[in-house]
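Since the structure comes first, as structure tokens, the remarks are kept for the end.
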Amino acid sequence: MYLPDHRVTLEPLRADHADAVLAFELENRAYFASWIWDRGDEYFADFPARHAAQLAEQEAGVCRFHVLVDEDGGVVGRVNLIDLVDGAAELGYRIAEKRAGQGLATAAVRAIFEMARGYGLTSLRAGASDRNPASQAVLTRTGFRQVGVSSTDLGPGKKYVVEAL
């Protein structure tokens with residue numbers, strides 16, 4: 001799905017995305033670690049196996065992984081639907097530091113709603129750390145409502161849900 005205002009395409013994860021996804025994760029590792037837990041060195045050391053495992057989960061219909069690909073073929077974001085069960089899933093997303101604050105996360109979350117309906121989903125859950133008010137704003141702006149609070153090793157956060165996709 002093309003997001004014209006941002007000149008990116010939201011695509012289901014494929015095997016040939018591996019190098020671009022790894023480059024995206026490495027380039028933005030420190031930035032992401034300021035908002036959410038760090039993936040750890042083993043994530044990067046075992047990346048080919050992890051990528052293959054994600055593709056297998058996707059093939060089995062357990063998860064749906066997506067990338068935001070720019071006009072140069074680089075990955076500038078990820079939007080994932082995890083643990084698809086009974087018409088519901090957990091939403092997670094990451095936007096490259098160089099593309100943050102430009103509305104890309106909001107556009108990507110809105111776009112994933114259409115894809116989620118195509119997967120038979122009717123509701124999504126999400127969470128965002130209180131250290132990441134921009135992500136909380138994206139969730140609220142796209143129709144999620146707060147349904148609780150959470151606590152992680154990064155501190156408190158909020159739980160959200162959107163229904164009737």
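The values are calculated or read from the model by the stated rules, or taken from the named source; none is laboratory data. Fair warning: this is a prediction, and the values are worked out from it, not measured in the lab. Cβ coordinates were reconstructed from backbone atoms using ideal geometry, including for glycine residues, and neighbour counts include every protein chain displayed. These accessible areas exclude ligands, DNA and RNA; they are computed on the full protein's heavy atoms, side chains included. Shrake-Rupley method; radii C 1.70, N 1.55, O 1.52, S 1.80 Å.
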>> Tell me the accessible surface of His51 in square angstrom (1.4 angstrom probe, heavy atoms of protein chains only), to the nearest ten.
In response: 10 Å²
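Net charge within 14 Å of Arg50 by Cβ-Cβ distance, Lys/Arg positive one each and Asp/Glu negative one each, not counting Arg50 itself? All intermediate terms of the calculation are to be shown ahead of the outcome.
On the way: positive: Arg39, Arg78; negative: Asp19, Glu25, Asp41, Glu42, Asp46, Glu57.
Neighbour charge sum, excluding Arg50 itself: -4.
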> If each of Glu27 and Ala134 carries a label point 7 Å out from its Cα toward its Cβ, how far apart are those two points in nm?
Replying inline: 1.5 nm
> From the phi of every residue in the stretch 10-25, what ³J(HN,Hα) in whole Hz does the Karplus formula 6.51 cos²θ - 1.76 cosθ + 1.60 yield, where θ is phi - 60° and glycine or proline is x?
Replying inline: 8, 10, x, 4, 10, 4, 6, 7, 3, 5, 5, 5, 4, 4, 4, 5
> Per residue, how much accessible area does the chain show when a 1.4 Å probe rolls over the protein heavy atoms, in square angstrom?
Replying inline: 50 Å²
> Given a cut-off of under 8 Å on Cα pairs at least six residues apart, what relative contact order in percent is computed for the chain?
Replying inline: 19 percent
